[in-house]
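Okay, structure first, notes after.
The values are calculated or read from the model by the stated rules, or taken from the named source; none is laboratory data. Since we're looking at a predicted model, the values are computed, not measured. For neighbour counting, all protein chains shown are included, and Cβ atoms are generated from backbone atoms with ideal geometry for every residue, glycine included. Ligands, DNA and RNA are excluded from the accessible area calculation, which covers all protein heavy atoms including side chains. Shrake-Rupley method; radii C 1.70, N 1.55, O 1.52, S 1.80 Å.
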Amino acid sequence: MRVVVKIGTSNITYPTGRLNIRHMEALCKILSDIKNSGCELIVVSSGATAMGVGKLKLSEKPKDMPGKQACAAVGQCELMYTYDKMFTEHGHTVAQILITGDDLSDASRYSNFANTVERLLELKALPIINENDTVSTVEYGVGDNDTLGALVAAGVKADLLVLLSDIDGLYTADPRKDPDAKLIPVVEELTDDIMALGGGKGSALGTGGMATKLGAARICIKSGINMAIINGSKPEALYDLTEGKTAGTMFVGKKA
Ligand code: GLU
């Protein structure tokens, strides 16, 4: 089974931008174990900008583009340093891949990217992908890692994309505001009613939210890839998903 797991900023950092050691350790341990079981794993990780904010001891994420890009440049090192350290503890070798929207829309660059991922998987390395934020701009970039995760999953012909969120999945209403909100376990069609549930914003330091996750689901469903949204603070659900069980909200990819 080939699985892409997208880790969001709020899964691994505190609102201060400092590393959430407990979450990061739990995630790296479970992902290592899943890789040990024979699963082919690719990680798409956010968190560079937030970790740059933390490392530079800024009080908030800068509003201007060069400021955000400077944070990403600082934070990407910290992010990969942390992954390298934690995955090495479990005997895994990480590989950093930074890409832009342009790389994904250019056929030859896209195939270079896919070939490199393929070779890394043959070498049993763990590709960790992020957008190359220092050269991406809002106009030309992918812009958020939920979409990037879906494009990567389609490019490497994954069986499953898992988006880690800060809630358990897609709800009938915002569960933080509405006590009657119910988790939707399976979505087969992205109807207008389902798409309307993507209203809320994500965290202050990240970029994604439910709207970008539903956009990612659209790409996956069309590409025949199953997608799940689960809570990143309950990463044990990754075991269920890689064992073919369901967890969180499952979006069923359309088989050709
Ligand atoms: N590439 C951004 C970062 O590492 C994250 C984008 C997102 O939050 O979706 O900070």
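Observations on the structure shown:
- Accessible surface area normalised per residue over the chain is 47 Å², counting heavy atoms of protein chains with a 1.4 Å rolling probe.
- Gaussian network model of the chain, springs between alpha carbon atoms under 10 Å - residue of Lys222, Lys234, Lys63 with greatest fluctuation: Lys63
- Once backbone amide H atoms are built at 1.01 Å from N, Gly224 has Lys254 as its partners under 5 Å, excluding neighbours fewer than 5 places away on the same chain.
- Placed amide H near Val44: partners under 5 Å, 5+ positions off or other chain: Val5, Lys6, Ile7, Ile129
- Once the chain from Lys222 to Tyr81 is taken as fully extended at 0.36 nm per residue, the excess over their C-alpha distance is 47.2 nm.
- 19 Å Cα-Cα threshold exceeded, pairs from Lys182/Lys222; Lys55/Lys234; Lys85/Lys213; Lys124/Lys222; Lys6/Lys35; Lys55/Lys85: Lys182/Lys222; Lys55/Lys234; Lys85/Lys213; Lys124/Lys222
- Rg ratio (alpha-carbon, reference 2.2 N^0.38 Å) - the chain: 0.94
- Share of carbon and sulfur in the accessible area of the chain stands at 53%, probe radius 1.4 Å.
- Extension gain for Lys177-Asp102 works out to 23.1 nm (0.36 nm per residue, less the C-alpha to C-alpha distance).
- Distance between modelled label sites at Leu123 and Lys255, nm, 7 Å Cα→Cβ extension: 3.5
- Formal net charge of residues neighbouring Ala48 (Cβ-Cβ distance under 15 Å; K, R +1; D, E -1): 0
- Taking each DSSP H run with n ≥ 4 as -39500 (n - 2.57) and averaging over every residue of the chain yields -13000 deg cm²/dmol at 222 nm.
- Projecting label points 7 angstrom from Cα along Cα→Cβ for Thr134 and Asn231 puts them 3.8 nm apart.
- Phi angles across the stretch 66-75 convert, under the Karplus curve 6.51 cos²θ - 1.76 cosθ + 1.60 with θ = phi - 60°, into 3J(HN,Hα) values of x, x, 5, 5, 5, 4, 4, 5, 5, x Hz, Gly and Pro given as x.
- Local electrostatic count at Leu58 - Lys and Arg +1, Asp and Glu -1, tallied over other residues with Cβ under 14 Å: +3
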